[in-house]
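Here, each number is a calculation from the coordinates, and none is a lab measurement. This is a predicted model, so every value here is computed, not measured. Neighbour counts run over all protein chains shown; Cβ positions are idealised from the backbone, glycine included.
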Amino acid sequence: MKYAVLLSSVLLAAALSACDRPTVVTVPVAGPAGAKGEAGATGNTGNTGNTGNTGNPGAPGYTGDKGEKGDRGKTGGDTVIIVPPPPPPRNP
């Protein structure tokens, strides 16, 4: 029994000594606030950036291939087609 009391008192002492104690911080208290000051002047406008360079023109395209030559036309027969002129317009 005496060992149990001794052991519990040693554990209690170790547990209490391991705790952090809070640090007291003193903060000075400021007096009443003064009147607001005037607004500051507006800042200067920044410089405009440089204009970018113009791109190079593209290369010209290739010339296309020539088409194949067409077949020779056939000669006509003995038939003659006559297209009459259109009739004159009517008056309404």
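Candidate cross-link partners of K66 among the lysines, defined by an alpha-carbon separation under 29 Å and a same-chain spacing of 8 or more, comprise K74. Descending by average beta-carbon neighbour count within 10 Å, the peptides 6-15, 52-61 line up as 6-15, 52-61, the highest first. For the chain, applying the loop criterion from DSSP together with a ceiling of 13 other beta carbons within 10 Å to the trypsin sites (Lys or Arg not before Pro) yields K36, K66, K69, R72, K74, R90. Dividing the alpha-carbon radius of gyration of the chain by the rule-of-thumb value 2.2 N^0.38 Å gives 4.43.
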